[in-house]
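The values are calculated or read from the model by the stated rules, or taken from the named source; none is laboratory data. Quick caveat: nothing in here was measured; it's all calculated off a predicted structure. All Cβ positions, even for glycine, are placed from backbone atoms using ideal geometry, and neighbour counts span all protein chains on display.
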Amino acid sequence: MLESLLHYIQSSPAALWGLFFILLLCGLGIPIPEDIILITAGIWSTSVGFPWLVASLIMYAGVILGDSIIFLLGRKFGTRLLAMNGIKRIFPAAKQERVRLMFARHGTKGLFIARFLPGVRAPFFCTAGAMHVPFVRFVSYDGLAALLSVPAFVWLGHWLWARFSEDIGALHEAISKTHFWTLIATAGIVLITAVVIIWRRNHRSRPA
């Protein structure tokens with residue numbers, strides 16, 4: 001995927017908007033690694049002299065728009081959307097049940113956690129829409145989580161290209177290592193967030 005994206009961004013003047021469109025598909029649950037798309041945006045912006053901060057803003061808009069689409073589809077069609085045969089192939093019943101349990105435990109705060117979990121993100125957002133979570137609350141939690149991750153990955157692509165642009169093989173190796181540590185960091189963020197939510201809930205439930 002990385003090789004294909006690198007070839008694409010070198011040959012297309014509208015590469016950034018192509019990556020923007022791919023992020024919309026990620027928001028709809030298509031199994032494409034979002035971090036690779038964001039890193040690629042950072043690589044492209046640096047290779048053509050485009051400000052990586054502006055690229056981050058465009059990618060951020062793509063992430064939030066994609067997430068909002070699946071949320072609003074859930075609001076419009078409710079759980080019927082997740083019951084469709086085509087949707088169930090992407091989000092099988094077992095995964096949907098995990099989403100329902102996650103929503104029951106964490107409520108709308110789970111929106112923050114779900115942003116870092118590609119496997120359950122789209123069905124969780126769809127479920128939140130079906131349960132009529134206020135859109136402003138959805139955007140607040142999702143937007144905050146994306147604000148932490150999107151610029152970080154775009155900057156990482158910017159740094160990787162500045163460091164390894166003369167050696168594509170070393171670039172690939174560096175991205176592979178980055179992807180591994182990204183998974184570790186994401187797991188850490190999710191764990192810490194869950195612990196904080198549980199601690200605050202238990203603290204509030206204690207008698208004064």
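Test Met1 against the criterion of being modelled with pLDDT of 85 or more and of a type outside the set (Lys, Arg), and give yes or no. Even if it seems obvious, please write down each step before you answer.
Working: modelled with pLDDT of 85 or more: no; of a type outside the set (Lys, Arg): yes.
So Met1 fails the test.
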Of the criteria (1) at pLDDT 85 or above; (2) surrounded by fewer than 19 Cβ atoms within 10 Å (Cβ to Cβ), which one Gly62 fails:
(2)
Please go through region 24-67 and give me each residue that is of a type in the set (Val, Ile, Thr), within 23 Å of Arg163 (Cα to Cα) and touching a helix residue (DSSP H, G or I) at 6+ places or on another chain (Cβ under 8 Å), ordered by number.
Ile36, Ile37, Ile39, Thr40, Ile43, Thr46, Val54
Tally time: how many residues in region 106-145 are polar (S, T, N, Q) and either modelled with pLDDT under 85 or surrounded by 16 or more Cβ atoms within 10 Å (Cβ to Cβ) (or both)?
2
Matching entry among Leu191, Leu171, Leu183, Leu156 (being at pLDDT below 85, part of a helix (DSSP H, G or I) and touching a Ser or Thr at 6+ places or on another chain (Cβ under 9 Å))
Leu171
Let me spell it out: the conditions are (1) out of contact with any Pro (no Cβ under 9 Å at 6 or more places or on another chain); (2) buried (at least 21 other Cβ atoms within 10 Å of the Cβ); (3) under 17 Å from Pro118 (Cβ atoms), and Glu34 meets all of them except one. Which number is the exception?
(1)
Can you tell me which residue in region 88-97 is nearest to Gly119 (Cα to Cα), limited to those that are modelled with pLDDT of 70 or more and among the hydrophobic types (A, V, I, L, M, F, W, C)?
Phe91
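What number of residues in region 45-67 are in contact (Cβ under 8 Å) with a residue 40 or more places away in the chain and either of a type in the set (A, V, I, L, M, F, W, C) or touching a strand residue (DSSP E or B) at 6+ places or on another chain (Cβ under 7 Å) (or both)? I'd like the intermediate steps shown before the answer.
First, the residues of region 45-67 that are in contact (Cβ under 8 Å) with a residue 40 or more places away in the chain: 45-47, 52-53, 55-56, 58-67.
Checking which are either of a type in the set (A, V, I, L, M, F, W, C) or touching a strand residue (DSSP E or B) at 6+ places or on another chain (Cβ under 7 Å) (or both) leaves us with 52-53, 55, 58-59, 61, 63-65.
Count: 9.
May I ask you to verify whether Phe77 is at pLDDT 85 or above, surrounded by fewer than 20 Cβ atoms within 10 Å (Cβ to Cβ) and aromatic (Phe, Trp, Tyr)?
Working: at pLDDT 85 or above: no; surrounded by fewer than 20 Cβ atoms within 10 Å (Cβ to Cβ): yes; aromatic (Phe, Trp, Tyr): yes.
The answer is no for Phe77.
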